[in-house]
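J.: Have a look at this one before I ask anything.
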Amino acid sequence: MQESERSRRLEALRVQYVERLHDDVQAIMAQVEEMSARDNAASAVELEAVCEALQRIADSAGSFGYDALSETCGEVACQVRQWLDGGVLPAPYTLAALQSRLQTGAEQLPHLDDLFPAHATMVQRDTASGRVALLGDEPLGRRALGEALSALGYVCHEYAMHDVEALVAWQPDAVLIDERSVPRSRWSAWWNAWQSPPHLLIFGDEDDFAARLAAIRHGAAGYFVSPLDASLIDRCLERLILRPTPEPLRVLIVDDDVELAEHYHLVLDGAGIDSWVVNVPAETLGALRDYRPDLALVDTRLPMCTGREMARVMRLDDAWRDLPVVYLAAGDDVREQALTRSGDAFLGKPVDDDALVATVLSHAHRVRGSRRWVARDGLTGVLTYAALQELLEVEFARAQRSGTPTSLALIDIDHVGALNAHHGHASGDYVIRRLAEHLTQQLRFIDHVGRYAGGAFCVVLPHCSPEDAQRAIERIRLQFQSQTQTINDRGDIGVTFSAGVAGLHDAASVEAGLDAIDQRLYRAKLAGRNRVLGNGDE
Ligand SMILES: Nc1nc2c(ncn2[C@@H]2O[C@H](COP(=O)(O)OP(=O)(O)OP(=O)(O)O)[C@@H](O)[C@H]2O)c(=O)[nH]1
């Protein structure tokens, strides 16, 4: 991993962590505030939860440079622990004093807005239109292909067989050969002599296995037949030449041996694989949530539990049910191996470095491949943040090439924090799920919904102007606000959302588009929430 890449990842992790930290600190303060406003003392169970949450922050904030916050949380946790151990529950006014100490600690955190520019650099972009050469000796057929691809935004040049030198000189990203007019016997020698040829696509006249087999033996990455369907060729070209650079694989290492875990981390790093080490088993769930790995590398002997138990705990959460696990086993852990479910892997200790990399790559790529485009958020079932980022890049490139309007909306539930504090986190989850369902039902089939952050969703509306998108989201807002949400036995509550809408097709980049909707959402919140702001609301 290059230094710049390493720093980029570390910065991204820091941003993720700080986002969580903000949420966690706010949640603790809301809880303490609520307890201190009561007439009677808080219960031991409530204090235990606060103590654990504080301790978590005390343990981790220092690693990210927030030493003072870590210290404050550690001290407050220690104080709460003393009350609990002594069996003397504090009076509400005593808790009020804790609140102001936590407030001082929270002020040491950077404002989230200051972190987002760094966050935005995580996404790499390639918005260049592809250069596609069309080779054929039949001008009408060639032109039909050229017009179809030009309409999709590719730069197309047409060549006949006698003109292939000019084709080579143009240095296209891909060549589409129309075999209906140029049989393979005429082009294969020329193609084979090309030292580093671009991607090859063939438009053939036989729609069978033998024709496709022959095509791939010539190195073709796409084979198409009549009738001409430009969208199929577009998808193939997009995959070959416009696809964004994939994110490195992410591996969560769970091993209490600090040096060994660091060794695995460095070995994976050398192979371009990103990893995150957890030495304390109890921290694994938090790491899953923050780091979102593609695979877990788990020691079979951990303090408190076995490796297989650890995998089962992780998989209790639906979001991680299919997470592949590679176990690192001491020689006599054969019984554990026998109980491991299929799809997971076992590596005996001492672990060979090459075997480690090979096993991780094969397992993680398989799972990532099958998850592509269908990576779903565990809570809501809509696209994950990572899948959404990939989709945004593709939709942006498509919109730029074709010039068709495409819109973005950022939709954020109002006052999720207060809702959590007053009705419980599960009620907040319920409302977040309800909005996801509502959006999925109300938007068109071709629209995409992704989870952007806690109660925020990003919606991509292809073939839709920002004005139409704003009308659509406004309609959805009115419907959503008119539905009361039934929260368990706590009765019905009204929930609203605010939103910002902007065009993606006329944005300078995906980041610029996201920035525009983010700012409009921010202003919608400032203006009193429960509203949708778009182009005309500057
Ligand atoms: N229940 C639940 N709450 C979450 C989740 N993720 C984030 N949150 C909470 O969402 C809140 C952050 O939302 P924000 O949008 O910043 O703030 P808000 O409280 O909704 O207030 P406004 O957006 O300003 O109206 C924090 O209190 C988080 O704890 C989640 O998955 N479930």
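The values are calculated or read from the model by the stated rules, or taken from the named source; none is laboratory data. These figures come from a predicted structure and were not determined experimentally. Neighbour counts run over all protein chains shown; Cβ positions are idealised from the backbone, glycine included. Remember, those area values only see protein heavy atoms, side chains included, never the ligands or the DNA or RNA. Shrake-Rupley method; radii C 1.70, N 1.55, O 1.52, S 1.80 Å.
J.: What FRET efficiency do you get for residue 463 and residue 138 if R0 is 30 Å and r is their Cβ-Cβ distance, rounded to the nearest 0.05?
T.: Rounded to the nearest 0.05, the efficiency is 0.35.
J.: Can you figure out the FRET efficiency of residue 196 with residue 305, using R₀ = 60 Å and their beta-carbon distance, to the nearest 0.05?
T.: 0.70
J.: Once you have the Cα-Cα distance between residue 258 and residue 362, take 0.36 nm times their residue separation minus that, and quote the gain in nm to one decimal.
T.: 34.9 nm
J.: Separate question: Please compute the contact order of region 385-537 in relative form: average sequence separation of alpha-carbon pairs under 8 Å and at least six residues apart, divided by the residue count, as a percent.
T.: 31
J.: Also, quick follow-up: Going by a ≥ b ≥ c, the root eigenvalues of the Cα gyration tensor, does region 403-538 fall in the rounded group (a/c under 1.5), the prolate group (a/b larger than b/c) or the oblate group?
T.: prolate
J.: Can you work out ³J(HN,Hα) from phi for every residue in region 462-472, in order, using Karplus 6.51 cos²θ - 1.76 cosθ + 1.60 and θ = phi - 60°, giving whole Hz and x for Gly and Pro?
T.: Each residue of region 462-472 in turn: x, 6, 8, 6, x, 5, 5, 5, 5, 4, 5 Hz.
J.: Going by the alpha-carbon gyration tensor, a ≥ b ≥ c the square roots of its eigenvalues, is region 131-242 rounded (a/c under 1.5) or, if a/c is not under 1.5, prolate (a/b greater than b/c) versus oblate?
T.: It comes out rounded by the Cα gyration axes.
J.: Continuing with this model, one more query. Given Cα pairs under 8 Å that are at least 6 residues apart, what percent is the relative contact order of region 192-243?
T.: Reported as a whole number, the value is 37 percent.
J.: Sticking with this one: At 0.36 nm per residue, minus the direct Cα-Cα distance, what do residue 486 and residue 385 gain on full extension? Give it in nm, one decimal, please.
T.: 33.6 nm
J.: What does the extension gain come out to for residue 441 and residue 354, with contour length at 0.36 nm per residue minus their alpha carbon separation?
T.: 26.5 nm
J.: As an exercise, use a Förster radius of 45 Å and the Cβ-Cβ distance of residue 39 and residue 538 to find the FRET efficiency, rounded to the nearest 0.05.
T.: Approximately 0.40, to the nearest 0.05.
J.: Which whole-number percent gives the relative contact order of region 140-277, counting Cα pairs below 8 Å spaced six or more residues apart?
T.: It rounds to 17 percent for region 140-277.
J.: Within the accessible area of region 131-242, what % is carbon and sulfur when the probe is 1.4 Å and the other protein chains stay in place?
T.: 52
J.: Give me the distance in nm between label points sitting 7 Å out from Cα along the Cα-to-Cβ direction at residue 186 and residue 81, one decimal.
T.: It is 8.2 nm.
J.: Please label the shape of region 393-473 as rounded, prolate or oblate, based on the square roots a ≥ b ≥ c of the eigenvalues of the alpha-carbon gyration tensor (a/c under 1.5 means rounded; beyond that, a/b larger than b/c means prolate, else oblate).
T.: In terms of gyration-tensor shape, prolate.
J.: Using each residue's phi in region 166-180, evaluate 6.51 cos²θ - 1.76 cosθ + 1.60 at θ = phi - 60° and report the 3J(HN,Hα) Karplus result to the nearest Hz, with x for Gly and Pro.
T.: Each residue's phi maps through the Karplus curve to give 5, 4, 4, 5, 6, 6, x, 7, 8, 10, 10, 9, 8, 6, 5 Hz.
J.: Here's another thing I want to ask about it. If you average the alpha carbon positions of region 415-437 and of region 88-107, how far apart do those two centres end up, in angstrom?
T.: Value for the Cα centre distance between the two parts: 25 Å.
J.: Rank-order 393-405, 178-190, 292-304 by packing density, defined as the average count of other C-beta atoms within 10 Å over each peptide's residues, highest first.
T.: 292-304, 393-405, 178-190
J.: Using θ = phi - 60° and the Karplus relation 6.51 cos²θ - 1.76 cosθ + 1.60, list the HN-Hα couplings for region 21-27 in order, rounded to whole Hz, with x at every Gly or Pro.
T.: 3J(HN,Hα) across region 21-27, in whole Hz: 4, 4, 4, 5, 5, 4, 5.
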